[in-house]
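Here's the structure, in structure tokens; my notes come after.
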Amino acid sequence: MTKLYEMTTAQRLKQLEMEGYLTQSDIELLQTNSALPATIGSHLVENYLGNFALPFGVANHFLINQQDYLIPMATEEPSVIAAASNAAQRVARSGGFQTQVFRNGLQGQIVFQGHLKDKTSFLQQHHNQIMTIADQAHPTLQQHGGGLKDININNYKDFVEFNLLINPAEAMGANVVNTILEAVAHYLQQQLPQLDLLMAILSNQAPQQIASASAQIDFEQLATSQYSGYQVAQRIVAASEFAQISAARAATHNKGIMNGVIATVLATGNDTRNINAAVYAGLNQNQKTLSEWQIHDQKLVGNIRLSLPLGSVGGAISTLPMAQLAMRILQQPSAAQLMGIVAAVGLASNLAALRALVTQGIQAGHMNLQWQSLAIMAGAKADEIAPIVTYLKAHPQVANLANAHKQLEQLRKDK
Ligand SMILES: CC(C)(COP(=O)([O-])OP(=O)([O-])OC[C@H]1O[C@@H](n2cnc3c(N)ncnc32)[C@H](O)[C@@H]1OP(=O)([O-])[O-])[C@@H](O)C(=O)NCCC(=O)NCCSC(=O)C[C@@](C)(O)CC(=O)[O-]
Ligand SMILES: NC(=O)C1=CN([C@@H]2O[C@H](COP(=O)(O)OP(=O)(O)OC[C@H]3O[C@@H](n4cnc5c(N)ncnc54)[C@H](O)[C@@H]3O)[C@@H](O)[C@H]2O)C=CC1
């Protein structure tokens with residue numbers, strides 16, 4: 001069967017329509033030059049001039065909690081989608097990804113300058129009123145099952161912090177949380193005139209919005225022409241250990257994870273700055289990397305744990321037509337399901353990069369993609385692609401479109 005990446009874009013769209021991932025109107029949306037009408041764009045940002053387009057594609061072969069997924073990605077970086085698909089296929093053949101999600105709420109901070117002597121009795125006295133104000137500030141949130149869950153007060157040297165835990169229901173929650181915080185802050189300032197309100201804002205540290213994904217990969221899925229699967233597994237574990245002791249390597253290890261994470265977060269209309277901030281806030285001196293790899297029970301075992309305050313409604317998720325399309329391709333996941341999916345994508349991106357790095361190096365795969373693109377651009381069809389790639393690989397000095405055309409003509413004459 002022709003592989004997705006060997007098809008033309010038109011064939012690919014047809015194939016995904018046949019598989020039920022896309023409707024005719026999705027295809028029309030994808031084929032319009034600007035999938036974002038100016039009427040929406042000009043309401044999303046200020047001083048709007050036009051749209052900035054990015055390629056949008058899908059990674060395939062994802063089996064997550066025994067369910068098949070196509071993963072929409074928006075990215076400008078070549079090989080991110082191929083890498084995620086490549087690793088996902090190895091994981092799927094070994095049983096797939098398992099995910100776990102803890103989605104308990106976002107923290108909001110109301111910060112005053114000064115000192116609050118009797119914080120416990122203040123909280124006891126005002127707790128119910130604060131809960132009522134929070135509910136009134138965003139009444140629809142309660143209808144969606146969200147709202148203020150908990151309040152703590154922390155005294156610092158010259159500051160008092162009211163820390164509110166708010167369940168944003170299905171939203172990412174920045175706006176709903178900030179609305180509640182400002183209403184509560186106003187009330188608190190009235191009750192505490194001796195303090196000076198400094199700010200009220202959600203925290204992008206999200207220790208209560210955590211997604212974990214794991215995969216147990218059979219050694220045979222890792223083998224290359226140079227190394228056995230077991231050797232590759234050992235080398236991936238060594239790479240993971242080195243990242244734990246080298247901050248310089250940890251940064252790159254993590255970047256490889258964020259390749260797929262950010263591409264998927266962006267495609268679904270979620271806030272990428274929020275996710276970058278939350279993910280990196282989850283790291284510390286003792287935990288430099290977002291994932292770890294070990295050998296256990298004759299398998300390579302990967303684990304990833306990410307702070308992922310994602311939403312399935314609200315903000316640009318509900319406004320951008322392309323984000324809505326991405327959510328349809330993902331079969332309309334809940335926010336918690338989306339968190340698990342994104343964690344699995346992060347682990348897949350990491351596995352692909354590490355496997356390439358500890359075997360043939362990163363450039364060989366990148367050049368392979370380049371040659372594949374040249375062959376496809378020259379018009380090569382399924383079984384014609386491999387011989388042209390082989391030729392271009394063997395003649396890197398003349399690996400250009402004109403020569404890909406010549407080789408294709410020759411190949412067809414020789415048939
Ligand atoms: C590049 C590949 C995938 C080539 O991989 P390959 O070995 O040439 O692939 P293959 O031809 O054997 O195909 C195997 C599978 O790969 C996928 N695949 C293969 N080709 C395509 C394609 N054109 N489009 C879409 N998917 C593709 C596809 O799933 C395919 O299965 P199939 O569908 O055929 O049954 C591999 O070498 C790889 O995974 N390399 C890693 C690339 C990577 O991580 N890139 C990210 C950018 S580098 C970076 O930013 C971060 C880094 C690396 O520094 C992080 C770190 O240091 O940790
Ligand atoms: N520090 C940060 O990260 C900040 C981020 N932002 C931005 O805030 C936006 C996200 O804010 P949100 O509050 O998530 O979006 P939002 O402002 O669109 O609010 C969510 C809306 O969805 C509605 N809704 C419908 N069904 C719901 C359900 N099942 N659960 C919850 N709400 C439901 C709510 O009533 C509400 O009106 C993003 O655009 C983000 O970039 C804004 C300020 C700060």
Next on the checklist: Give me, ordered by chain and number, the residues 5 or more places off ALA59 or on other chains with an amide H under 5 Å from its own placed amide H.
Outcome noted: ILE71, MET73
Checklist outcome for this item: Sparse-neighbourhood loop hits (trypsin sites (Lys or Arg not before Pro), region 1-66; DSSP loop; Cβ within 10 Å at most 16 others) -> LYS3
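How big is the Cα convex hull of region 1-48 in projection, averaged over all directions, in nm²?
Working: hull surface 18.0 nm².
Across all orientations, region 1-48 yields a mean hull projection of 4.5 nm².
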Checklist outcome for this item: With Cα coordinates, the longest principal axis of the chain makes an angle with the long axis of helix 119-137, in degrees rounded to 10, of 60 degrees
Checklist outcome for this item: HN-Hα couplings for region 138-143 via Karplus (6.51, -1.76, 1.60; θ = phi - 60°), in whole Hz with x for Gly/Pro, come out as 9, x, 5, 4, 4, 4
Next on the checklist: Can you tell me the orientation of helix 174-191 relative to the chain, as the angle in degrees between its alpha-carbon axis and the longest Cα principal axis, to the nearest 10?
Outcome noted: 20 degrees
Checklist entry - If each of GLN360 and GLN226 carries a label point 7 Å out from its Cα toward its Cβ, how far apart are those two points in nm? => result 1.0 nm
Next on the checklist: For TRP371, TRP293, which order do you get if you count the other beta carbons within 10 Å of each Cβ and list the fewest first?
Outcome noted: TRP371, TRP293
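Would you mind getting the Kirkwood hydrodynamic radius of the chain from its Cα pairs, rounded to one decimal in Å? Don't jump to the answer; show the numbers that get you there.
Values: mean 1/r = 0.0420 Å⁻¹.
One over the average 1/r among Cα pairs gives 23.8 Å for the chain.
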Checklist entry - Quick one: putting +1 on the C-beta of Lys and Arg, -1 on the C-beta of Asp and Glu, what dipole do you get for region 106-202 around its Cα centre, in Debye to the nearest 20? => result 160 debye
Next on the checklist: Taking the number of other C-beta atoms within 10 Å as the exposure measure, put GLU46, GLU6, GLU182, GLU77 in order starting with the fewest.
Outcome noted: GLU46, GLU77, GLU182, GLU6
Checklist entry - Once phi is turned into ³J(HN,Hα) by the Karplus curve 6.51 cos²θ - 1.76 cosθ + 1.60 with θ = phi - 60°, what whole-Hz value does each residue of region 226-239 show in order, with x for glycine and proline? => result 9, 10, 6, x, 5, 4, 4, 4, 4, 5, 5, 4, 5, 4
Checklist outcome for this item: Fewest to most Cβ atoms within 10 Å: PHE97, PHE162 sort as PHE162, PHE97
Checklist outcome for this item: For the chain, longest principal axis from Cα atoms; helix 382-394 axis from its Cα atoms; angle between them, nearest 10 degrees, is 90 degrees
Checklist outcome for this item: Going residue by residue through region 346-351, the Karplus relation 6.51 cos²θ - 1.76 cosθ + 1.60 with θ = phi - 60° gives ³J(HN,Hα) values, rounded to whole Hz and with x marking Gly or Pro, of x, 5, 5, 4, 5, 4
Checklist entry - Within a Cβ distance under 14 Å of ASN60, other residues only, what is the Lys/Arg minus Asp/Glu net charge? => result +1
Next on the checklist: Given an 8 Å cut-off on Cα distances and at least 6 residues of separation, report the relative contact order of region 238-325 as a percent.
Outcome noted: 32 percent
Checklist outcome for this item: Only helices counted: for the chain, with every DSSP H run of 4 or more residues adding -39500 (n - 2.57) and the sum spread over all residues, [θ] at 222 nm is -16000 deg cm²/dmol
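Taken together, the values in this text are just the output of simple stated rules run on the coordinates, not laboratory data. Keep in mind that this is a model prediction, so the values were computed, not measured. Cβ sites come from the backbone with ideal geometry, for glycine too, and all protein chains shown count toward neighbours.
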